[in-house]
Amino acid sequence: MTLIILGAIVLGIGCGYFIFPSSIISSLDMIASFSLYALIFCVGIDIGSNKTILKDLKAMGVKVLLVPFGGILGSLIGGFVAGLLFNMAINESLSVASGFGWYSLSGVMLKELGGEALGAIAFLTNVFREIFAVILIPILAKRLNTYSAIAPAGATSMDTTLPLVSKATNPEVAVISFINGVIMSSLVPVLVPFFYNIK
């Protein structure tokens with residue numbers, strides 16, 4: 001599966017560079033959005049067809065929150081360490097890490113807060129996070145455990161990477177993935193300016 005995903009990315013890059021005219025490329029966002037909605041709808045059907053999931057989640061209780069808060073903590077620790085390694089201000093590295101993979105929002109927010117360079121760093125960091133998530137989700141699900149497959153996805157675990165998590169794991173993990181994405185996405189607009197303004 002990982003090779004198919006990587007092949008699709010490489011093929012897409014080649015088509016975008018060599019084949020498709022800009023008039024078609026400009027409408028790809030809309031096509032991609034509808035495709036994503038269709039995938040999420042199919043994931044929803046898969047989740048809904050399993051009658052015991054909601055009971056299982058209720059039985060898990062607060063444990064459901066361990067995945068998102070573990071992901072948040074790991075992202076912030078990673079941002080802190082990266083800031084030290086690249087001699088970056090800690091408030092800036094933490095605010096970039098607080099994008100949790102939501103590149104379109106965090107990039108724009110940090111461009112407004114800290115200038116174009118910081119906005120570009122946030123955008124690229126979170127784009128790379130999503131690319132690595134696409135590659136790592138099936139590997140982590142197979143080699144470690146199903147819950148660890150949610151971690152690299154960050155905020156995208158409720159939309160873009162949800163179909164991958166669902167395919168690589170099971171419906172129960174897909175529900176937790178969705179919850180993870182909702183929590184992380186909700187915190188991005190709060191934590192990005194919060195950490196940036198710590199000086």
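Annotation note: Cβ proximity below 7 Å between a residue of the stretch 82-101 that is touching a residue at least 60 places away in the same chain (Cβ under 8 Å) and a residue that is surrounded by fewer than 24 Cβ atoms within 10 Å (Cβ to Cβ) and in a loop (DSSP other than H, G, I, E, B) (sequence gap 6+ or interchain) occurs for N91/I198; N91/K199. The set of residues in the stretch 83-110 that are of a type in the set (A, V, I, L, M, F, W, C), farther than 17 Å from I131 by Cβ and in a helix (DSSP H, G or I) comprises L84, L85, I90, L94, L105, V108, M109, L110. Of all residues in the stretch 102-132, those satisfying the criterion of being in contact (Cβ under 8 Å) with a residue 60 or more places away in the chain and touching a Pro at 6+ places or on another chain (Cβ under 8 Å) are L105, M109, L113. Determine, yes or no, whether S148 is at pLDDT 90 or above, in a helix (DSSP H, G or I), under 20 Å from K63 (Cβ atoms) and out of contact with any Ser or Thr (no Cβ under 7 Å at 6 or more places or on another chain). Spelling it out, S148 is indeed at pLDDT 90 or above, in a helix (DSSP H, G or I), under 20 Å from K63 (Cβ atoms) and out of contact with any Ser or Thr (no Cβ under 7 Å at 6 or more places or on another chain).
Yes/no per residue for (1) surrounded by fewer than 16 Cβ atoms within 10 Å (Cβ to Cβ); (2) farther than 24 Å from I9 by Cβ; (3) over 17 Å from the mean Cα position of the chain (by Cα):
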position: E116; (1), (2), (3): yes, yes, yes
position: L144; (1), (2), (3): yes, no, yes
position: I150; (1), (2), (3): no, no, no
position: G154; (1), (2), (3): no, no, no
position: P171; (1), (2), (3): no, yes, yes
position: S177; (1), (2), (3): no, no, no
position: G181; (1), (2), (3): no, no, no
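Go through the stretch 146-199 and give me each residue that's of a type in the set (G, A, S), farther than 23 Å from N91 by Cβ and touching a residue at least 24 places away in the same chain (Cβ under 8 Å). Once the filter is applied, which keeps residues that are of a type in the set (G, A, S), farther than 23 Å from N91 by Cβ and touching a residue at least 24 places away in the same chain (Cβ under 8 Å), the stretch 146-199 yields A149, A151, A153, S157, S166, A168, A174, S177, G181.
The values are calculated or read from the model by the stated rules, or taken from the named source; none is laboratory data. Predicted, not measured: the structure shown is a model, and the values here were computed from it. Note that each Cβ is placed from the backbone with ideal geometry, even for glycine, and that neighbours are counted across all protein chains shown.
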